[in-house]
Every structure is written in structure tokens, then in C-alpha cells.
Protein chains: 2
Amino acid sequence: MGLIVQKFGGSSVADAESIRRVAWIIAEAYSEGKNVVVVLSAQADTTDDLIAKAKELNPNPSMREMDVLLSTGEQASIALMAMALETLGLPVVSLTGWQVGMNTDSSYGSARIKGVSAERLKAELDRRRIVLVAGFQGINKFDDITTIGRGGSDTTAVALAVTLNAEICRIYTDVEGIFTGDPNKLPGAKKLDEITYDEMIELATLGAQVLHNRSVEMAKRYGVKMEVLSSLVRKPGTIVKGVTKMEHMKISGVAKDSDIARIALVGLKDEPGVAFKMFRVLANEKINIDIILQSIGRNNTNDISFTVSRSDMEKAVNVLEENKDIIGYTDISTTDKIAKVSIVGAGMMSSPGVAAMMFEALYDSKINIAMISTSEIKISVLVDENDADRSVAAIHAKFFGA
Amino acid sequence: MGLIVQKFGGSSVADAESIRRVAWIIAEAYSEGKNVVVVLSAQADTTDDLIAKAKELNPNPSMREMDVLLSTGEQASIALMAMALETLGLPVVSLTGWQVGMNTDSSYGSARIKGVSAERLKAELDRRRIVLVAGFQGINKFDDITTIGRGGSDTTAVALAVTLNAEICRIYTDVEGIFTGDPNKLPGAKKLDEITYDEMIELATLGAQVLHNRSVEMAKRYGVKMEVLSSLVRKPGTIVKGVTKMEHMKISGVAKDSDIARIALVGLKDEPGVAFKMFRVLANEKINIDIILQSIGRNNTNDISFTVSRSDMEKAVNVLEENKDIIGYTDISTTDKIAKVSIVGAGMMSSPGVAAMMFEALYDSKINIAMISTSEIKISVLVDENDADRSVAAIHAKFFGA
């Protein structure tokens with residue numbers, strides 16, 4: 001008997017009306033003869049409300065107790081959904097993270113899933129029950145409750161799909177799938193029928209926050225087919241899988257990331273170890289670096305520019321200034337009036353001219369490029385913040401039409 | 001090292017201010033060198049809010065899923081209190097019902113505690129941690145979450161006190177202890193220093209809803225000393241134990257119960273099995289009977305009067321009328337314009353004249369008695385609803401002064 005995993009996020013279970021709508025989606029899958037495992041997030045706002053209550057008492061609560069607190073949100077969701085399914089006369093049982101055997105390490109607040117001891121889960125499925133699983137939570141070797149980080153319910157769903165060898169892991173959202181651009185801003189944005197794991201990961205990194213990246217990485221590793229689709233509109237979404245059809249478009253999407261700042265160190269000595277020292281001090285402060293570009297400066301020196309998230313800019317500058325003598329540079333300059341615009345596509349590098357098309361689109365719109373970075377399946381450019389939306393529109397029009 | 005169990009109810013943890021106040025009470029006990037186990041209820045209103053959410057989806061949800069839902073309330077409380085204690089620099093850990101090994105039977109919604117497998121709890125205490133335990137919840141043999149009924153956190157506290165051989169189980173409330181009458185209505189009401197388990201049980205049954213009866217029964221069975229005291233005012237409360245001091249007052253309190261209705265069946269045949277048939281049909285409908293009085297009627301018939309809670313009156317009348325032929329009676333009469341007023345005291349029956357004093361107080365106030373019922377430690381009378389408060393005041397004045 002086929003088995004599918006469905007995951008619904010916080011807005012899909014926000015109130016009684018939403019819960020009833022989701023119950024019908026679950027009922028439909030079950031009545032088609034499938035075994036159905038459903039992963040639920042906390043009701044919208046619940047997690048934020050709980051965090052606010054915690055912070056009122058303690059600005060720095062232990063992560064262990066935070067996990068005890070936050071895990072109640074998903075537990076309430078599964079119970080409420082079970083009650084809704086009961087009214088449809090369907091056999092259903094809800095299981096928390098510890099009941100489903102979602103074993104994690106002990107990194108409270110951002111635990112990694114180690115495995116699923118799914119005896120209970122399988123026994124319930126054998127009885128033809130719909131099993132509702134609390135997302136985002138697990139249990140560690142001390143029998144303590146852990147959470148696997150925000151957005152982690154996607155990962156819960158994929159982990160269950162792996163364990164149960166599911167046909168597909170369907171992630172229900174408030175959009176109809178993955179689009180070539182933001183459909184609210186680009187009238188010509190097209191929904192993709194398919195996308196590869198790698199393209200999805202690049203798009204997620206770039207701020208198209210439909211799927212949690214960890215979940216896609218896990219799906220890729222174990223070959224779990226995913227589908228991103230709407231819980232509001234009944235139509236096929238976007239399939240995420242390993243290899244897509246031959247007629248796949250050269251690029252699968254255009255994305256913008258505005259949470260970005262650029263720092264440039266000027267006048268670095270042209271000798272081994274300079275870059276190492278520089279990025280070592282940043283890593284010690286847990287500052288994530290995105291794009292790095294090194295260029296030749298004057299008088300046998302190098303310049304290195306890199307980008308960080310805006311919230312990290314000040315910390316990065318401080319630590320670089322504290323270590324100015326160790327690293328050895330003459331000047332430091334920063335800006336956060338920039339944005340990153342990227343195109344993603346698995347077939348890109350084997351299609352000459354994609355980069356040229358992108359740059360041409362920007363040139364036609366008289367948009368200046370501050371930095372360029374490329375990977376196997378992605379080309380990113382840094383542009384002035386004020387040009388970002390125009391850049392996305394111009395590139396999207398070039399590849400997909402207006 | 002001495003160990004104490006403290007229990008705080010929903011109003012004691014209703015908001016950040018209350019939680020901080022309770023944290024100081026816990027900290028004080030801990031700093032006196034005691035091992036401290038704390039049982040917490042859900043924050044005030046939380047349980048009612050969750051029930052409302054459930055009923056919106058399903059008027060008759062399964063009790064299993066209701067328990068999954070409701071148990072989140074206490075889980076949130078223990079996490080929040082742990083965070084408050086962390087700010088005081090105290091070592092603390094929160095444990096849910098399943099983590100503490102609160103084993104129950106499978107009567108979801110009203111489970112009975114079978115035992116506590118306290119390995120984890122003892123290990124945490126050995127590390128000199130304050131242990132916060134979610135009240136009201138347990139786990140059954142299927143590893144399902146159960147709840148032990150409303151007010152059950154008192155029972156959780158006593159069960160832990162039994163298991164850990166605690167010096168005392170302190171139940172913190174919003175009153176300063178057990179009073180001889182309602183202190184809000186009777187200016188002369190006195191706080192009792194001590195009260196026996198049996199007296200406490202009678203008072204609880206009578207509507208002085210300070211302690212949950214199941215908890216007192218368990219405390220009696222295992223000889224656990226309890227104390228009812230205020231979480232707002234720092235002074236000794238009322239000790240509940242097996243035998244109280246010799247100078248103990250003859251009666252320990254006066255209580256009123258207005259949630260009462262009287263049903264009378266007239267003209268029952270004077271033959272064996274009549275009472276049995278009558279109370280069997282009521283029991284089948286799960287209607288609880290309180291006082292029963294049988295009197296001789298006319299022409300070799302009997303009349304039987306009994307009281308039920310007001311919410312059960314209509315159901316009781318319906319089932320009695322449906323079974324009129326089987327039971328065999330001529331008339332049925334009902335009233336809910338009555339109230340029950342009772343005095344409770346362990347030494348009562350060995351003190352002749354207590355009943356007389358009570359009746360004298362009512363006679364002096366010209367209050368008519370509709371029914372009388374007595375037990376080892378209790379005398380109850382049924383009076384007109386409008387006379388109830390005057391009755392309590394008159395009786396209280398007679399025994400304790402104005």
C-alpha cells in the first residue's frame with residue numbers, strides 16, 4: 001500500500017476554518033487508499049507568543065527549557081487536527097516527537113535528527129490509522145525534548161518520508177509551487193512543474209523561503225521526491241527531485257536577497273595566509289560569509305570584498321578592526337545599500353550565453369553591477385539596493401517574457 | 001536531606017509577575033537546604049482556552065486527543081517557571097508527566113495514578129536540582145499521554161510526596177488556609193491550624209473547594225502531611241494530617257452547597273428491590289446521588305427523597321419517568337430552590353449536643369429544615385435556598401462566635 005507524507009505549516013492550521021480545510025485534504029488522500037502520515041507545525045503566532053512569554057521572564061532562557069515550552073505548540077496542533085478528522089469519521093492518532101521516536105542529538109533549539117524509531121508509527125499505520133506527527137520536535141538520549149530549529153517541520157516530514165519509504169513528501173504552503181520569480185511582483189512569473197534539489201537549495205538560500213533548506217538537503221541525500229503545493233488551491237504544485245526532464249528550462253528562477261552588506265578590505269599584503277587570518281577571525285565570531293571576491297590592488301597589494309548579512313555587519317567590522325595588525329590592511333569600507341540578485345538553473349553552465357543574457361538585461365536597464373559571483377548552477381550579482389527590483393524584473397523578462 | 005513538595009495552581013502562575021513571586025517561594029525553600037519538587041498547573045484560563053478551541057472543531061472529541069491537547073498547558077508552565085528560576089541562578093529542570101514516570105491507567109481524561117517510576121526524578125534531586133513537574137498529567141502503558149482530571153495537580157503533588165517520602169506536601173492557593181466558614185462572608189471565620197484528612201474530605205465534598213478530594217484521600221492512605229497555605233501572604237497555613245491536637249474544636253467548619261436539587265418519589269411499594277431498581281436506573285445514567293432519605297408514606301407505601309446536582313435534575317427526572325412502570329411509584333416532585341448546609345468535625349459524634357446546637361441555631365433564626373443527613377463527622381441539613389447564607393451565619397456564630 002502506498003504511503004504519502006503531508007506537511008502543513010502554521011498558517012494552514014491557524015484557526016478552526018483552516019484546520020477543517022486541511023482535514024479534508026488529509027481525508028481525500030486517505031480515501032484514495034493511501035497510508036497517510038501528516039506533519040503539522042504550531043498554529044500561526046503560537047511560537048512567537050510563547051517566545052514572548054519566555055523573554056518576559058528571562059531574556060536568556062536555557063535552550064532546554066525553551067524546547068520544553070515551544071514543543072507544546074505542535075502538540076496542540078496535532079490534537080486539534082485529530083479532533084477535526086474524528087468528526088469526519090476517520091481513524092486517527094496523534095503522536096508527539098518522543099512518541100514517534102524522532103531521535104536527535106542534544107543541541108537544544110537546533111537539534112539534528114539521528115534517526116526515527118518508528119515502531120509505534122508503523123503499528124498505527126498497520127491499523128490503517130491516519131498518523132498526525134508533531135513537527136519540529138524530537139527527543140535526545142536523556143529523554144529530554146529537543147526542537148530542530150525554526151522551519152524544522154519540513155525536515156521532520158522528509159525524515160519520516162525517508163524512514164517509511166514514502167512515495168512522495170508533500171509540503172503544503174500558501175503558494176502554488178515554486179515560481180521563476182515572485183508572482184506578486186512579476187506578472188510574468190511562471191510556476192515550475194519540476195525543479196532539482198540543487199536548484200531548490202540555491203533558491204532557498206537566496207531568499208525564496210518556500211522550503212527549509214535542511215529538508216531539501218535530506219531529501220536529496222535519500223532521494224525522496226517532494227512536492228510544494230498550495231493548501232488553498234487544488235492543483236499540482238512543483239515536484240522537487242533529482243533529475244528533471246530534458247526540456248527543462250535553462251534557468252529555473254530569479255531571486256533577490258536584500259539582507260546583505262558588503263565589506264571591503266583594501267591594501268592587503270600579497271602573501272600567503274592573509275585571507276586565512278581574515279576569515280579565521282570572522283569564523284571565530286560565527287559570522288557567515290557569502291560571496292568573496294579578491295582583486296589585485298595597487299603596489300603589489302590585494303583587495304578582498306565579501307558579503308555578510310546586515311545584522312552581522314557591525315560585529316564583522318569591529319572584529320576586523322581589532323585584528324587590523326594581525327591581518328594587515330590599510331583601509332576598510334562598508335555598505336549595506338546593496339542587494340543580491342541571482343539566477344539559478346541546473347543546466348546553466350552547459351548553456352553558454354546565460355550569463356551574457358543576464359548581464360545584457362541589466363545593461364539594457366542601465367543597472368550597474370558591483371560584484372559578480374558564480375557557481376555550478378547559480379550566477380549572482382550585487383547591485384544597488386534601489387535597483388534590485390528593477391534588476392529582477394529585467395532579468396525575468398529576458399528569460400521568461402514580461 | 002529533607003524533601004518537600006510544593007504545588008502551585010493556575011492563578012499562582014497566571015502571568016510573569018505571579019511566576020516571579022512563586023519562583024522566590026521555591027528559591028527560599030531550596031536555600032534552606034531542602035530538596036524541592038514543585039508541581040505546577042496550567043496558567044489560569046489556558047485549559048479553558050484549549051477546551052474552547054477543541055469544542056469549536058469537535059463537540060465530542062476523543063478523550064485521548066483531549067489529553068494530548070490539555071497536557072500542553074502544564075508543560076508550558078514548568079518551562080516558564082524553570083526560566084524564572086534560572087534568572088535567580090538556581091539549578092532547575094522541568095519534567096513532564098511521562099518524563100517523571102507518572103504511570104496511570106488508560107482512562108483518558110480521568111486517569112488513576114498507578115505509581116511513579118521516579119528514577120529520573122531522583123537522579124535530578126541527587127544533583128541538587130529543583131525539579132518542576134507538570135501536574136495533572138501522566139502516561140499509560142501504551143505510552144499515551146493521560147490526564148488525571150481537573151484539579152488533579154493536587155493529586156500529582158501527593159503522589160510525588162508519597163513516592164519521595166516527603167516531609168510535607170504544601171498546596172499553595174489564594175487563601176491562607178482552611179477556615180471555619182467562608183471568610184469573605186463571615187467576619188468571625190477563623191483559620192484552622194490543623195484539620196484531619198476526614199474533615200478535609202467532608203469539607204471538600206461540601207463545596208469548600210480548596211483541596212481536591214482525591215489528593216486528600218491519597219494523603220490519608222499514605223500518611224502524607226499536607227499544608228494549605230497562601231502564595232501571596234507569608235504565614236503558616238492549615239496542616240492536614242491524621243490526628244489533630246486534643247484541644248481540637250468540636251467542629252472544624254460550616255459549609256454551604258447550592259448546586260443541589262431534590263427529587264422525591266411518592267407512593268413506592270413497600271417491597272424489596274424498589275430502592276435498588278430506582279437507583280440502578282439513575283446509576284446507569286451516571287447520575288451521582290448525595291443525600292437519600294426514605295420515609296413511610298400513606299397506605300403501606302414509602303416515599304424516597306434524594307438530592308442530585310442541579311445539572312443532573314432534568315436527566316434524573318426523565319429516566320425515572322421512563323422507568324415509572326418498572327420502579328412503581330405514584331408521583332414525582334422536584335425542587336432546586338434548596339441548599340445544603342453542613343457542619344464537619346472529627347470529634348462531633350462523640351460530643352453529644354453538637355447536632356442540637358446546630359438545630360437550635362436554625363430555630364433561633366426561624367429557618368425551616370427540609371431534610372437532615374448525618375455521618376460520622378458531618379451533619380447536613382437541606383434548607384430553602386434563600387435561607388442558606390443566613391443558616392451558615394447563624395450556625396457559625398453559634399459555634400465560633402459572631
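The values are calculated or read from the model by the stated rules, or taken from the named source; none is laboratory data. For clarity, every value in this text was computed on a predicted model and none was experimentally measured. Because the Cβ atoms are built from the backbone with ideal geometry, glycine has one as well, and the counts that use them run over all protein chains shown.
Residue count for the stretch B:113-135 under the criterion of being part of a helix (DSSP H, G or I), over 14 Å from B:LYS34 (Cβ atoms) and touching a residue at least 12 places away in the same chain (Cβ under 8 Å): the result is 5.
Selection within the stretch B:44-59: residues that are on the phi < 0 side of the Ramachandran plot and not in a helix (DSSP H, G or I). The member of this set that is nearest to the other protein chains (Cβ to nearest Cβ) is B:ASN58. Evaluate the following for A:LYS315: is it out of contact with any His (no Cβ under 6 Å at 6 or more places or on another chain) and free of Cβ contacts under 8 Å to residues at least 12 places away in the same chain? Judged against the criteria, A:LYS315 is not a match.
Restricting to the stretch B:60-109, what's the tally of residues that are assigned to a helix (DSSP H, G or I) and under 27 Å from the mean Cα position of the chain (by Cα)? Steps first, please.
Taking the stretch B:60-109 as the starting set, the residues that turn out to be assigned to a helix (DSSP H, G or I) are B:63-87.
Those still in the list that are under 27 Å from the mean Cα position of the chain (by Cα) too: B:63-81.
Total meeting the criteria: 19.
Condition check for A:SER62 on (1) hydroxyl-bearing (Ser, Thr, Tyr); (2) in contact (Cβ under 8 Å) with a residue 40 or more places away in the chain; (3) more than 9 Å from chain B (Cβ to nearest Cβ): one failure, at (3). Looking across the stretch A:275-303 at every residue that is within 23 Å of A:THR374 (Cα to Cα) and of a type in the set (S, T, N, Q), the one that is nearest to the chain's Cα centre (by Cα) is identified as A:ASN288. Residue by residue through the stretch B:1-24, note down the ones that are within 14 Å of another protein chain (Cβ to nearest Cβ) and of a type in the set (S, T, N, Q). B:SER18 - this is the single residue of the stretch B:1-24 that is within 14 Å of another protein chain (Cβ to nearest Cβ) and of a type in the set (S, T, N, Q).
Can you tell me which residues in the stretch B:1-24 are more than 22 Å from B:VAL224 (Cβ to Cβ) and either among the aromatic types (Phe, Trp, Tyr) or not in a helix (DSSP H, G or I) (or both)? Residues satisfying the conditions are B:ALA14, B:ASP15, B:TRP24.
Output the residues belonging to the stretch A:262-280 that are of a type in the set (Val, Ile, Thr) and at pLDDT below 85. Outline the logic, then answer.
Taking the stretch A:262-280 first, the residues of a type in the set (Val, Ile, Thr) are A:263, A:266, A:274.
Residue satisfying the conditions is A:VAL274 alone.
Note on the stretch A:264-299: residues that are in a strand (DSSP E or B) and of a type in the set (D, E, K, R) total 1. Among the residues that make up the stretch A:79-100, is at least one of them crowded, with 19+ Cβ neighbours inside 10 Å and either at pLDDT below 95 or of a type in the set (Phe, Trp, Tyr) (or both)? So far as the stretch A:79-100 goes, yes, one or more of its residues are crowded, with 19+ Cβ neighbours inside 10 Å and either at pLDDT below 95 or of a type in the set (Phe, Trp, Tyr) (or both). Among the residues of the stretch B:68-86, the ones that are farther than 18 Å from B:ALA16 by Cα and more than 8 Å from chain A (Cβ to nearest Cβ) come to 1 in all. Candidates are the residues of the stretch A:119-164 that are among the charged types (D, E, K, R) and farther than 19 Å from A:LEU85 by Cβ; the one that is nearest to the other protein chains (Cβ to nearest Cβ) is A:ASP143. Of all residues assigned to the stretch B:160-175, at least one qualifies as being in a loop (DSSP other than H, G, I, E, B), modelled with pLDDT under 95 and within 21 Å of the chain's Cα centre (by Cα). Among the residues making up the stretch B:130-162, those that are surrounded by fewer than 24 Cβ atoms within 10 Å (Cβ to Cβ) and among the acidic types (Asp, Glu) are B:ASP143, B:ASP144.
Per the listing A:ALA339, A:ALA370, A:ALA388, the residue uniquely at pLDDT below 85, farther than 26 Å from A:GLU194 by Cα and in contact with a Lys or Arg (Cβ under 9 Å, 6 or more places away or on another chain) is A:ALA370. Entry remark, the stretch B:176-206: residues being of a type in the set (Ser, Thr, Tyr) and in a loop (DSSP other than H, G, I, E, B) number 1 in total.
Could you tell me which residue of the stretch B:25-43 is farthest from the other protein chains (Cβ to nearest Cβ), considering only residues that are touching a residue at least 60 places away in the same chain (Cβ under 8 Å) and part of a helix (DSSP H, G or I)? Of everything passing the filter in the stretch B:25-43, B:TYR30 is farthest from the other protein chains (Cβ to nearest Cβ).
Starting from the stretch A:75-93, keep only residues that are farther than 23 Å from A:THR146 by Cβ and free of Cβ contacts under 8 Å to residues at least 12 places away in the same chain, then list their pairs with residues that are crowded, with 24+ Cβ neighbours inside 10 Å and of a type in the set (S, T, N, Q) whose Cβ atoms are within a distance under 7 Å, requiring at least 6 positions of separation or different chains. So the pair list comes out empty. Of all residue pairs spaced 6 or more apart or on separate chains, those with beta-carbon atoms under 6 Å, a first member in the stretch A:9-20 that is closer than 9 Å to A:LEU40 by Cβ and β-branched (Val, Ile, Thr) and a second member that is at pLDDT 95 or above and in a helix (DSSP H, G or I) are A:VAL13/A:ILE19; A:VAL13/A:SER77. Considering the conditions (1) within 23 Å of the chain's Cα centre (by Cα); (2) in contact (Cβ under 8 Å) with a residue 60 or more places away in the chain, B:GLY2 is excluded by exactly one of them, (1). One residue stands out in the stretch A:302-331 among those that are surrounded by 17 or more Cβ atoms within 10 Å (Cβ to Cβ) and touching a Gly at 6+ places or on another chain (Cβ under 7 Å): the one that is farthest from A:ASP257 (Cα to Cα), namely A:TYR329.
Could you please find all residues in the stretch A:138-159 being in a loop (DSSP other than H, G, I, E, B) and at pLDDT 95 or above?
At the first step, the residues of the stretch A:138-159 found to be in a loop (DSSP other than H, G, I, E, B) are A:140-144, A:148-151.
Listed by number, the residues that qualify are A:ASN140, A:LYS141, A:PHE142, A:ASP143, A:ASP144.
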